[in-house]
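Presented below is the structure to which this report refers.
The values are calculated or read from the model by the stated rules, or taken from the named source; none is laboratory data. Since the model is a prediction, treat every value here as computed from it, not as a measurement. Using ideal geometry, Cβ is built from the backbone for each residue, glycine included, and neighbour counts are taken over all protein chains shown. When the accessible area is computed, the model is the full protein with side chains, heavy atoms only, and any ligands, DNA or RNA have been set aside. Shrake-Rupley method; radii C 1.70, N 1.55, O 1.52, S 1.80 Å.
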Amino acid sequence: MVVVMNYHTKLKEIVVKASTKIALIDEVVMSQKPAPNKWSKKEILGHLIDSAYNNHARFLKAGFQNNLFFEGYDQDEWVKQNNYQSRSAASILSLWQQSNEHISILIEGLPEDLLLRKTKEHYFDKMCMQLLSKSVEANLAYLIWDYIYHIEYHLNQIIEDYEMVNEPFLH
């Protein structure tokens with residue numbers, strides 16, 4: 001399946017394209033919070049790092065279990081505890097780039113049968129950006145697609161006129 005086998009390439013492409021644009025955004029702009037309880041662009045990028053760490057573990061664990069049940073995490077608390085707001089935008093960007101390079105290497109090495117193995121045992125009705133009904137069979141390929149969709153959703157909040165490149169998921 002060509003779409004599945006190219007997720008690692010697509011992720012790299014997105015990171016390179018977005019990194020170039022994010023690096024041009026002024027530190028003051030990256031630090032501005034639209035409201036006291038809303039994330040700044042730095043915090044959104046930090047959230048994408050937290051998401052990368054969590055999803056890396058999920059992608060790895062999928063090969064060692066017969067279901068797609070994975071723990072969630074408190075996104076707001078992770079952003080707060082990691083204190084992205086006080087860090088430089090450049091350091092956050094570098095960490096985001098590195099974590100996604102690490103994930104792209106993992107994705108590239110995942111066997112196709114693991115990526116395409118279907119199950120109704122999943123939490124995708126609660127944990128994905130594009131929720132799937134509990135009654136729908138899902139696979140790891142969908143979770144990886146959703147991870148990339150999630151990245152682009154947030155890049156659209158950071159980068160003005162960001163153009164998404166991830167195609168719709170084909171079941």
Taking segment 2-36, which residues are of a type in the set (S, T, N, Q) and either in a helix (DSSP H, G or I) or at pLDDT below 95 (or both)? Asn6, Thr9, Ser19, Thr20, Ser31
Residue ID - most open to solvent (accessible area, probe 1.4 Å), chosen from residues in segment 135-171 that are within 18 Å of Ile44 (Cβ to Cβ) and of a type in the set (Asp, Glu): Glu160
Hey, among the residues in segment 105-133 that are part of a loop (DSSP other than H, G, I, E, B), open to solvent by less than 80 Å² (accessible area, probe 1.4 Å) and out of contact with any Leu (no Cβ under 8 Å at 6 or more places or on another chain), which one's nearest to His8 (Cα to Cα)? Pro111
Pair list, Cβ < 7 Å and 6+ apart or interchain, from segment 26-53 residues that are closer than 18 Å to Gly72 by Cβ and open to solvent by 60 Å² or more (accessible area, probe 1.4 Å) to residues that are at pLDDT 95 or above and small (Gly, Ala, Ser): Tyr53/Ser99
Step by step: first the residues of segment 72-94, then only those that are in contact (Cβ under 8 Å) with a residue 40 or more places away in the chain and surrounded by fewer than 18 Cβ atoms within 10 Å (Cβ to Cβ), then the one that is nearest to Tyr53 (Cα to Cα). Which residue is that? Gly72
Taking the stated definitions as given, is Ser19 more than 19 Å from the chain's Cα centre (by Cα) and in contact (Cβ under 8 Å) with a residue 60 or more places away in the chain? no
Touching a helix residue (DSSP H, G or I) at 6+ places or on another chain (Cβ under 6 Å), farther than 25 Å from Pro36 by Cβ and in a helix (DSSP H, G or I): does that describe Ala62? yes
Run down Lys61, Lys17, Lys12 and say which single residue is open to solvent by 30 Å² or more (accessible area, probe 1.4 Å) and under 21 Å from Cys128 (Cβ atoms). Lys61
Filter result (closer than 12 Å to Leu60 by Cα and within 18 Å of the chain's Cα centre (by Cα)) within segment 110-124: Leu110, Leu115
If you take the residues of segment 61-80 that are of a type outside the set (D, E, K, R) and over 16 Å from Met127 (Cβ atoms), which of them is farthest from the chain's Cα centre (by Cα)? Asn66
